[in-house]
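Encoded as structure tokens, the structure appears first; notes follow it.
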Amino acid sequence: MKLIHDEPLDSPRSLAAPRASSASHASRAFVPTMGALHDGHRALIRQARGAVGPSGEVVVSIFVNPTQFGAGEDFDSYPRDLEGDLRICEDEGVDIVYAPSARGVYGEAADHANRITVDPGPLGREWEGAHRPGHFAGVLTVVSILLNQVRPSIAFFGEKDYQQLELVRRMCRDLSIDVQIVGVPTVRDHDGLALSSRNVNLDPDQRRAAAAIPRALEAGQHAAADGSAAVLEAVDAVFAEAGLTPDYRALCAPDLGRAPERGAARLLVAVPVGRTRLIDNCPLELGGAHVR
């Protein structure tokens, strides 16, 4: 396994120069992460390896991106464990770990107020974007940079960050970035809570309270046959019982557009639990058959 920090990308050790024994960039899969890897990341890496096979390359980036954190958010306290991350990558057969500094990603513009960014558009200012102004501009900008640096043919993102996944897909389509974006289903703990690097910040009482999040999603799925209002009422009831107040709970179409009266939709929630803010989502079928 090769570890790359900030070497020039045209150097012999660079990402832009695959191993002589490997296939071309057409068989390079990419998993961008912010580190603190867990079983959810393992699932992404395994999907990536399955996509390119034993002769292709799997690249995992580890970079806590400062531009997607707002004032007062948890950039400084975000979990970091490069040594543990490297062990997981080694275990999963990753070929290249790209762990750059901010300068390695943004160059001289790392702290420049006039840096060019990617505008996420109106859908990037809904839900997460409304509660975290500038977040998706930071996300899409760093993802576009990493895709240009790594130059994969396929990249894998977790469905837990569903709005992010759909915005990345839209960015690649609208800006003609030639990469296939694949969403990987959320990996969950024994009680249904979505695995997240931030879960380590929950104390035991908060961890128990957070289990209400997957219960709320399940309640919403069961109520979906009765329409949007019933879904949101069911979600609110679970959170109220648990003593949690969501930042938002919303329904949208699978592509983030307006939720239909009947048909496939996505339920999105964001919930502060103590000082830790957790997001989750699930698919549902509005106006369809009742879930048993």
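The values are calculated or read from the model by the stated rules, or taken from the named source; none is laboratory data. Worth saying up front: this structure is predicted, and the values here are computed from it rather than measured. With ideal geometry, Cβ positions are generated from the backbone for all residues, glycine too; neighbour counts draw on all protein chains shown.
Points worth noting:
- Residue within the stretch 241-259 that is modelled with pLDDT of 95 or more, more than 27 Å from residue 69 (Cα to Cα), out of contact with any helix residue (DSSP H, G or I) (no Cβ under 8 Å at 6 or more places or on another chain) and surrounded by 13 or more Cβ atoms within 10 Å (Cβ to Cβ) present: no
- Check on residue 117, of a type in the set (S, T, N, Q), not in a helix (DSSP H, G or I) and not assigned by TED's automatic domain parsing to the domain that holds residue 249: yes
- Screening the stretch 90-131 for residues that are closer than 20 Å to residue 162 by Cβ and surrounded by 19 or more Cβ atoms within 10 Å (Cβ to Cβ) and picking the one that is nearest to the chain's Cα centre (by Cα) gives 128.
- Look at (1) farther than 29 Å from residue 188 by Cβ; (2) modelled with pLDDT of 95 or more; (3) of a type in the set (A, V, I, L, M) and you find that residue 105 fails only one, number (2).
- Within the stretch 111-119, at least one residue is of a type in the set (Gly, Ala, Ser), out of contact with any Gly (no Cβ under 6 Å at 6 or more places or on another chain) and at pLDDT below 95.
- Strands (runs of 3 or more DSSP E) lying entirely in the stretch 177-292 (those with 1 or more residues that are among the aromatic types (Phe, Trp, Tyr)): 248-252
- Each residue in the stretch 1-44 was checked for being among the charged types (D, E, K, R), at pLDDT below 60 and either under 19 Å from residue 92 (Cα atoms) or not assigned by TED's automatic domain parsing to the domain that holds residue 154 (or both), and 1 pass.
- Residue list for the stretch 157-173, filter: within 16 Å of residue 125 (Cβ to Cβ) and of a type in the set (Asp, Glu): 166
- Taken together, the criteria exclude residue 87 from residues that are surrounded by fewer than 21 Cβ atoms within 10 Å (Cβ to Cβ), closer than 17 Å to residue 184 by Cα and either touching a residue at least 60 places away in the same chain (Cβ under 8 Å) or not aromatic (Phe, Trp, Tyr) (or both).
- Among the residues making up the stretch 56-75, those that are assigned to a loop (DSSP other than H, G, I, E, B) and either under 24 Å from residue 276 (Cβ atoms) or modelled with pLDDT under 95 (or both) are 63, 64, 65, 69, 70, 71, 72, 73, 74, 75.
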